[in-house]
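Asker: Handing you this structure, nothing more for now.
The values are calculated or read from the model by the stated rules, or taken from the named source; none is laboratory data. Quick caveat: nothing in here was measured; it's all calculated off a predicted structure. Reconstructed Cβ throughout: ideal geometry from the backbone, glycine too, with neighbour counts over all protein chains shown.
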Amino acid sequence: MDADTRFVAVVDDDTSVCRAIQRLLRSAGIAADIFPSGDEFLYALSATPDYDPGCVILDIQMPGTDGVEVQRRLGSKLPAIFITAYDDDEIRARVMAAGAQAYFSKPFDDSVFIQSVCAALGSQRSN
């Protein structure tokens, strides 16, 4: 993608959720790449050195490498926004303490979600 294009990575094992988030982001002028698993997202990051999303949107529960583990592996390298259908106070506290930008239970308020994504993109330093 063009260096001036804001884009995010959406990681969720539910394809319909990925597509819905991608459409929502597109409506706000934000491009999104979608990944069906944490493993595929981490592979894209490691296999393509110039792949540089502005933030990552992670589902908490996924087969294989879940969102919490993806966040742990990324450290502070990339702002993370979490989404989940199964809200859990302990996991929420853990991912927020580890530096998550935001945490949303599905379904969530679209405008608040977009604001959080824009804030995450704005928190990125210029290259």
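Asker: Looking at Ala93, is it over 17 Å from Ala9 (Cα atoms) and loosely packed, with under 14 Cβ neighbours inside 10 Å? Can you show your working first?
Answerer: Details: over 17 Å from Ala9 (Cα atoms): yes; loosely packed, with under 14 Cβ neighbours inside 10 Å: yes.
The answer is yes for Ala93.
Asker: Quick check on the range 68-83: of everything there that is touching a strand residue (DSSP E or B) at 6+ places or on another chain (Cβ under 6 Å) and part of a loop (DSSP other than H, G, I, E, B), which residue is farthest from Gln115 (Cα to Cα)?
Answerer: Among those residues, the one meeting the criterion is Leu78.
Asker: Let me ask something else. Within the range 96-109, take every residue that is among the aliphatic types (A, V, I, L, M) and outside any strand (DSSP E or B) and give me the one that is surrounded by the most Cβ atoms within 10 Å (Cβ to Cβ).
Answerer: Ala100
Asker: A further question follows. Looking only at the range 7-50, how many residues end up being within 23 Å of Ile114 (Cβ to Cβ) and either among the acidic types (Asp, Glu) or exposed (fewer than 14 other Cβ atoms within 10 Å of the Cβ) (or both)?
Answerer: 10
Asker: Okay, moving on. What's the number of the only condition in (1) free of Cβ contacts under 8 Å to residues at least 24 places away in the same chain; (2) surrounded by 14 or more Cβ atoms within 10 Å (Cβ to Cβ); (3) over 24 Å from Ser16 (Cβ atoms); (4) not aliphatic (A, V, I, L, M) that Pro79 fails to meet?
Answerer: Pro79 satisfies all of (1) free of Cβ contacts under 8 Å to residues at least 24 places away in the same chain; (2) surrounded by 14 or more Cβ atoms within 10 Å (Cβ to Cβ); (3) over 24 Å from Ser16 (Cβ atoms); (4) not aliphatic (A, V, I, L, M) except (1).
Asker: Follow-up question, since we're still on this one. Taking the condition of being of a type in the set (Gly, Ala, Ser) and modelled with pLDDT under 95, how many residues in the range 68-96 meet it?
Answerer: Residues of the range 68-96 of a type in the set (Gly, Ala, Ser): 75-76, 80, 85, 93.
Then keep just the ones that are modelled with pLDDT under 95; that gives 75-76, 85.
Adding up the residues that qualify gives 3.
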